[in-house]
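> This is the structure I want to talk about, given as C-alpha cells.
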Amino acid sequence: MTAAAAAVAASVARARREIATALRDAGAVSEAGATRYQPASRLGARVLPRMIRAGIVHETASGDLWLDEAAFAARQAAARKGALLAITIVFVVAAICVGLGLALGWSR
C-alpha cells in the first residue's frame, strides 16, 4: 500500500468514526432516537451512503438516521483483524527473507 493509499484509508476510517460519534452523541442509536444528520465534511458525505448500504447506519422512512452500534463494532473489529493480518504477513515475509539471507551467507 502506498503512502497516499494509507492516508486515504485513514481519512475514510476517521470519517466513519466521526459519523458514528455524531450519531451517538445525538442519541441516535435506535430507530426511536433517529435524527437528522448531515456530515460536516465532503468525505463524510461520501462515506455516509456506504455506511447505510453496509447496514451500519439506518435511515427511517422520514429520512432520519440512526447508528447500529453492533454493526459498527463488528465493522471496527473486522478492520482491526485485517490490519493485524497484514502486519503479521509483513513480519513473516521479513523473517523469511532474513532467514534466507543468513542461510545463503548474505551477511555483511
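The values are calculated or read from the model by the stated rules, or taken from the named source; none is laboratory data. Keep in mind the model is a prediction, meaning the values are calculated, not measured. Here the Cβ is made from the backbone with ideal geometry for all residues, glycine too, and neighbour counts use every protein chain on show. Side chains are part of the model used for accessible areas, which takes the heavy atoms of the whole protein and leaves out ligands, DNA and RNA. Shrake-Rupley method; radii C 1.70, N 1.55, O 1.52, S 1.80 Å.
> If you go through region 28-70 one residue at a time, how many are in a helix (DSSP H, G or I) and over 21 Å from SER11 (Cα atoms)?
Initially, region 28-70 is screened for residues in a helix (DSSP H, G or I), giving 31-33, 42-53, 69-70.
So of that shortlist, the ones also over 21 Å from SER11 (Cα atoms) come out as 31-33, 70.
Adding up the residues that qualify gives 4.
> Can I ask one more? Checking ASP64 against (1) in contact with a Ser or Thr (Cβ under 6 Å, 6 or more places away or on another chain); (2) open to solvent by 70 Å² or more (accessible area, probe 1.4 Å): exactly one of these is not met. Which one?
ASP64 satisfies every listed condition except (2).
> Report, ordered by the first and then the second residue, all pairs with beta carbons closer than 8 Å, sequence separation of six or more or different chains, a first member in region 1-14 that is surrounded by 10 or more Cβ atoms within 10 Å (Cβ to Cβ), and a second member that is in a helix (DSSP H, G or I).
Here the result reads SER11/LEU43; VAL12/LEU43; VAL12/VAL47; ALA13/ALA79, each pair linking region 1-14 to a residue that is in a helix (DSSP H, G or I).
> To continue, here is another question. When GLU18 is evaluated against the numbered criteria (1) open to solvent by 50 Å² or more (accessible area, probe 1.4 Å); (2) at pLDDT below 95; (3) under 30 Å from ALA86 (Cα atoms), which criterion, by number, is the only one it fails?
(2)
> When region 36-48 is examined, which residues are found to be more than 15 Å from the chain's Cα centre (by Cα) and open to solvent by less than 40 Å² (accessible area, probe 1.4 Å)? Spell out how you get there, then give the answer.
The first filter runs over region 36-48 and keeps only residues more than 15 Å from the chain's Cα centre (by Cα), leaving 36-42, 45.
Hit for region 36-48 is PRO39, nothing else.
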